[in-house]
1. Tell me the angle of helix 115-140 to the major Cα principal axis of the chain, expressed in degrees between 0 and 90 and rounded to the nearest ten.
2. Say we join alpha carbon atoms closer than 10 Å with springs in a Gaussian network model of the chain; which of Val70, Val109, Val39 then has the biggest fluctuation?
3. With only Lys, Arg, Asp and Glu charged, each at its Cβ (+1 for the first two, -1 for the last two), find how big the charge dipole of the chain is about the Cα centre; round to the nearest 20 debye.
4. How far apart, in nm, are two points set 7 Å out from the Cα along the Cα-to-Cβ line at Glu12 and at Gln57?
5. As I understand it, the value is the acute angle between the Cα axis of helix 4-16 and the longest principal axis of the Cα atoms of the chain; what does it come to in degrees, rounded to 10?
6. Amide H to amide H, which residues 5 or more places from Ser81 or on other chains are under 5 Å from it, using H placed in the peptide plane?
7. Could you work out [θ]222 nm for the chain from helices alone, using -39500 (n - 2.57) per DSSP H run of at least four and dividing by all its residues? Round to the nearest 500 deg cm²/dmol.
8. Rounded to a whole number of µm²/s, how large is the Stokes-Einstein D of the stretch 4-140 at 4 °C and 1.567 mPa s, given Rh as the Kirkwood radius over C-alpha pairs?
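Read the figures in this text as sums done on the coordinates, not as results from a lab. Just so you know, these numbers come straight off a predicted model, no measurement behind them. Cβ coordinates were reconstructed from backbone atoms using ideal geometry, including for glycine residues, and neighbour counts include every protein chain displayed.
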Amino acid sequence: MSDDREINALFEEMMHGPIEALSSIVYGYDRIGPGGQQVIRGMIERIRQPAHTDRLQIRERRNAGHFEMVIAYASWKPDWSADGFLPFIIGRHDSRLQLLGYVLPFNPVIPILTADDREHAFALAKCWVAWVQSYKKALSKPQ
């Protein structure tokens, strides 16, 4: 779907760019209204990294339809992450890679997705659950 370089550029813009840049990196941002935009800004501010030298590291990718889940590792391990892993849903819109959500599409984005797009995005959420279960199972195995 996209190469690591393009995904890293999206992450860089999300993590370090001005908050005003969200209008170009979040899927459907201009169609979700001020309330929805505020919700998304709050969610992204929550994942913006604390130190400019730290970067999200792509660990795994899963596809469903024309969306992709990118499982990234945050070395600063946000307390609400799964041991530092963060699952972002991305997709291409108007030839630009954009962020749809974290685990699931952002709530304000869901209503603007087609039924097929929702189905694919929710399938990716199931992939995340399976990935976390597999990761935790691997951790619990004796070495």
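1. 20 degrees
2. Val39
3. Dipole magnitude for the chain comes out near 520 debye.
4. With each label placed 7 Å out from Cα toward Cβ, I get 1.8 nm.
5. In the chain, helix 4-16 runs at an angle near 70 degrees to the longest axis.
6. Under 5 Å from the amide H of Ser81 lies no amide H from a residue far enough along the sequence or on another chain.
7. Per the formula, -13000 deg cm²/dmol.
8. Details: Rh = 15.2 Å.
Calculated translational D: 85 µm²/s.
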